[in-house]
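The values are calculated or read from the model by the stated rules, or taken from the named source; none is laboratory data. The model shown is predicted, which means the values in this text are computed figures rather than measured ones. Cβ atoms come from the backbone with ideal geometry, glycine included; neighbour counts cover every protein chain shown. Please note that ligands, DNA and RNA were not included when accessible areas were found on the heavy atoms of the full protein model with its side chains. Shrake-Rupley method; radii C 1.70, N 1.55, O 1.52, S 1.80 Å.
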Amino acid sequence: QARRLNLTQAVFDKDMYGNPAANLSLMSEMMRATEKGEMSLYYQPKLKVRTGRYESVEALSRWFHPDRGFISPDQFIPQAEETGHIRPFTEWVIRQSIEDQKRLLAEGKPIAVAINISGALVGDPEFARKARSMIVGASGPITLEITETAVMTNPEKAIEHLNAWRESGARISIDDYGTGQSSLAYLQMIPSDELKLDRQFVSNLNANARGRMLIKSTIDLAHNLGLEVVAEGVETETDLAALKLLGSDWIQGYHLSRPLPISELAEFLAVPEET
Ligand code: C2E
Ligand code: CA
Ligand code: CA
Ligand code: CA
C-alpha cells in the first residue's frame, strides 16, 4: 500500500515530469487502474438544436484513485501520451464506450458517442487499424474528436487514417477550435465532418459585438465547408439562446448537463428533452 502511494506521488510530482522511471510507474499505475475499475467513463450529453433532443454524448475519462482521490484527465492524459500508454488506454476507452452505447440501445436509448483521440495516435498505423475494427462493430454512430495539431507531425499518414475511419462510418470532429494555432489551412486539409468550438472561443460571445461576429463568421464558414458545428462549454441560458440564433448545430455544456456516469446518463436520457 505504502509503496503504491509513493509510486503515484512520484508520478504526479511536477519535478519528475519527463523522468523515464516516473513515466514507467505511471504506465503501470494506469494499467492497474483500468483493470481494477478505478478508471471510468463519464458522458456529457450534447443537444441537437434542430430536433431539440440529446442525440449524442462525449466520453470523458475519469480516474478515481483509492488514495489520491480524483485525478483529472488534464493530468494523466498528457503523461500517457508521453509514455505511449495512451494507445492501450484509448483502445480501452473505445471498447468501453461502444459497450455502453450498445447497452443504452438495448434500453431503447439510441445515442451517438464521441471519443477523444490524442493527436499522437492519429498517425499510428497499428492504432488506426484497431480503432477501425472496433468502429465497424459499433451499434450506433461514432464521432472521433481530434485536434488540428494531430495532423501536423505526419500529415500524410494522419489524413490517410482519418479517411479510413470515415469510410468505416465514423465522423471526424475538429476539437478545441479557436485555441492555439487554429488555422484556416487545416480546415481545408483535414477530412472532417464537424467543428467543435472551444469553450474559450465560445466565451467571445460575451466580449462585445466583434466577439459575436467572430463566432457567427466561424459558424458560417464551417457550414460553407459542409461541417456541423458544436459549441462546447455553454454555461448560461443567455449563451444557449445566442448560439442557437447564430446557427450552432449542437450545444454542450454545464448549463445542459455535466458529464454523467452511465447510470445517471441513462436516467437523463429517459427524461423528456428540452424544447
Ligand atoms: P475536451 O475534449 O476539450 O473536453 C471538454 C472539457 O470541458 C471536459 O473536461 C468537460 O468536462 C469540460 N466541460 C464541459 N462543459 C463545460 C462547461 O460548461 N464549463 C466548463 N468549465 N467545462 C466544461 P475534462 O473531462 O476534465 O477533460 C479535459 C480534457 O482531457 C478534454 O478536453 C480532453 O482533451 C482530455 N480527455 C478527457 N478524456 C479523454 C480521453 O478519454 N482520451 C483523450 N485522448 N483525452 C481525454
Ligand atoms: Ca473533446
Ligand atoms: Ca475543448
Ligand atoms: Ca482538449
Some residue of region 150-166 being within 16 Å of ligand 3 (Cβ to nearest atom), closer than 20 Å to PRO259 by Cα, touching a residue at least 12 places away in the same chain (Cβ under 8 Å) and open to solvent by less than 30 Å² (accessible area, probe 1.4 Å) | no
Checking GLY226 against (1) more than 15 Å from TYR54 (Cβ to Cβ); (2) part of a helix (DSSP H, G or I), which test does it fail?
-> (2)
Restricting to region 66-83, what's the tally of residues that are away from ligand 4 (no atom under 12 Å from the Cβ), open to solvent by 40 Å² or more (accessible area, probe 1.4 Å) and out of contact with any Ser or Thr (no Cβ under 8 Å at 6 or more places or on another chain)?
-> 4
Hey, SER133 away from ligand 1 (no atom under 16 Å from the Cβ) and polar (S, T, N, Q) or not = yes
Selection count, region 196-223, where residues are open to solvent by less than 60 Å² (accessible area, probe 1.4 Å) and part of a loop (DSSP other than H, G, I, E, B) | 1
For region 226-255, enumerate the residues that are open to solvent by 20 Å² or more (accessible area, probe 1.4 Å), farther than 13 Å from VAL202 by Cβ and in contact with a Leu (Cβ under 6 Å, 6 or more places away or on another chain).
-> none
For the subset of region 192-219 comprising residues that are within 17 Å of the chain's Cα centre (by Cα) and without any contact (Cβ under 8 Å) to a residue 40 or more places away in the chain, which member is nearest to ligand 3 (Cβ to nearest atom)?
-> ASP198
Considering only residues of region 256-275 that are within 12 Å of ligand 1 (Cβ to nearest atom) and assigned to a loop (DSSP other than H, G, I, E, B), which is most open to solvent (accessible area, probe 1.4 Å)?
-> ARG258
Regarding GLU99, is this residue more than 15 Å from the chain's Cα centre (by Cα), open to solvent by 20 Å² or more (accessible area, probe 1.4 Å) and free of Cβ contacts under 8 Å to residues at least 40 places away in the same chain?
-> yes
